[in-house]
Amino acid sequence: MIKTLAVVAVIFAGAAQALAQEGRDGLTVPEAFQTLYLMLIYVADDAPAMSEEARGEAMLGHIYYQRRLQRDGVGLGAGGLVGAGDPALRGMTLLVAKSRNEAEAIAAADPMVKAGQFRVQIVDWIIPADTSIKGTPYAPEG
């Protein structure tokens, strides 16, 4: 396995060097990368029983928490997922964090996670450093 990875790394490095010099359609192979974090949100398998009112309050807290993350530039986008293949997978947030530990702490602070209703999985997303994530910026109604 290590030999295979080493061969792939050598091939990629050679291709990157060649493309960086030549380019295709004015593009080059990236030399630097950044890591963003996908916060995958699942319904907890062992969610504790809660009154409808308490669950509603926790869900409202979750929505406001996600909106604050977006407003503050920590969450680049958040929302529900449909047709993901896993009925427990309900949503996703794209996080900007200094480390996986920080991303995990951000996820753990979500009110629905704290209430035990959601569980999260953090996935590293490694993209070129010069990638610009564009979309609809946070704009409060009013």
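Only a single criterion out of (1) within 22 Å of W125 (Cα to Cα); (2) part of a loop (DSSP other than H, G, I, E, B) is not satisfied by L38, namely (2).
Could you check the stretch 65-95 and list, in sequence order, the residues that are in contact with a helix residue (DSSP H, G or I) (Cβ under 9 Å, 6 or more places away or on another chain) and among the aliphatic types (A, V, I, L, M)? Matches in the stretch 65-95: L69, V74, L76, A78, L95. Among residues of the stretch 15-41 that are in the same structural domain as L76 (by TED's automatic domain parsing) and more than 30 Å from A109 (Cα to Cα), none has a beta-carbon under 8 Å from a residue that is β-branched (V, I, T) and modelled with pLDDT of 70 or more at least six positions away or on a different chain.
Is at least one residue of the stretch 33-41 surrounded by fewer than 17 Cβ atoms within 10 Å (Cβ to Cβ) and of a type in the set (S, T, N, Q)? The answer is yes, given that some residue of the stretch 33-41 is surrounded by fewer than 17 Cβ atoms within 10 Å (Cβ to Cβ) and of a type in the set (S, T, N, Q).
The values are calculated or read from the model by the stated rules, or taken from the named source; none is laboratory data. These figures come from a predicted structure and were not determined experimentally. Note: ideal-geometry Cβ built from the backbone for every residue, glycine included; neighbour counts use all protein chains shown.
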